[in-house]
Amino acid sequence: MESVVPLRARSPWSLLPAIVIALLFGGAVAACCLAIVFGIGAQPAPAWTPWLLAIAGAAFGPVLWLARRWRVLRAPARLVVGSDTITIAYPEILRSPLGVSRRLMRVALVDDDGSRRFRVHADSGPYSRGDDDRFLWVRGHSTLAVLAPTGVQPNLALVFEEPVAGADVRRPRLGSLYPGERVAALLVAARDAGEAERALAPLGVTRPLTMPDALLLEDHMAEPDGGRIALALRHYVRISWGLVAAAAIPFEFVAPHLCALGGGVMGIVLYRSGRRGHGAALAIAGLALFGGRLVLTLG
């Protein structure tokens, strides 16, 4: 018998303002183009009319993209606890549900109180609180993947005996899952924490977290192939080079200096974290672009 635990996820109605703006903008652009094409209030367009028709159609591209996002967000996010498999469906992040064999479940911990959650006890028993204890989630930050809307606090930690492959991720996102990641643990936000605890109780893995659990997680996330730390660093590298590339565009746009400075600073961070080649190149390129932009602006 399956137990279904609804998870908190982004509402499709959060896209409504963006859809309205995209419709108004697309309609205005399309109306201007068609007015020129048919000579309504203006001279009819010359032989390049097809380009205007193409622009009129492309103006509604954002609407189509947002409509697709709306359809994705309408699908329910949920945790399904079956007899042999635990399935996590989170359509905003995962194209298809992630299935985890029941034998791979190590710990399922519910914690819905405070700004620090999922305590890792330094003492394995009795489970007393101490200064050496750790937490998997502290004030909105965690090294683990979090499947929850922005500003929503997770209340359920799922820790696996070994990393689980096969997460079909839509696109990389900081703090969430990365494409190709072998998932060692997940933090999610159940709509009803009590319901989640009751559904997971028959698995026999609802217990406090201990230091061996934390050390195992660290080992799994540090794996060179599909480990979370390596994939996160690669993601930071791509973002950093994107900022540097944006700052190098020979046109003025919003805050090019900040893009260059941000790329340089992230390069320094990457250098200190061990990615010395990328880090040094990014730091030099970003800070050089920032200095050049600053000289041109002040001069």
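Can you tell me which residue is surrounded by the fewest Cβ atoms within 10 Å (Cβ to Cβ) among those in the stretch 82-97 that are of a type in the set (S, T, N, Q) and part of a loop (DSSP other than H, G, I, E, B)?
S83
Run A54 past the list (1) in a helix (DSSP H, G or I); (2) surrounded by 13 or more Cβ atoms within 10 Å (Cβ to Cβ) and report the number of the one that doesn't hold.
Among (1) in a helix (DSSP H, G or I); (2) surrounded by 13 or more Cβ atoms within 10 Å (Cβ to Cβ), the lone unmet condition for A54 is (2).
Give just the number: which of (1) closer than 30 Å to A285 by Cα; (2) over 23 Å from the mean Cα position of the chain (by Cα); (3) free of Cβ contacts under 8 Å to residues at least 40 places away in the same chain does L215 not satisfy?
Status for L215: all satisfied but (1).
From the residues in the stretch 283-299 that are modelled with pLDDT under 75 and in contact with a helix residue (DSSP H, G or I) (Cβ under 9 Å, 6 or more places away or on another chain), which one is surrounded by the fewest Cβ atoms within 10 Å (Cβ to Cβ)?
The selected residue is T297.
Quick test for you: out of L109, L79, L73, pick the one residue that is assigned to a helix (DSSP H, G or I) and either at pLDDT 90 or above or assigned by TED's automatic domain parsing to the domain that holds S176 (or both).
Being assigned to a helix (DSSP H, G or I) and either at pLDDT 90 or above or assigned by TED's automatic domain parsing to the domain that holds S176 (or both) holds for just one of L109, L79, L73, which is L73.
Scan the stretch 146-173 residue by residue and report those that are of a type in the set (V, I, T) and at pLDDT 90 or above.
Within the stretch 146-173, V146, V152, V159, V164, V169 qualify.
The values are calculated or read from the model by the stated rules, or taken from the named source; none is laboratory data. Fair warning: this is a prediction, and the values are worked out from it, not measured in the lab. Cβ atoms come from the backbone with ideal geometry, glycine included; neighbour counts cover every protein chain shown.
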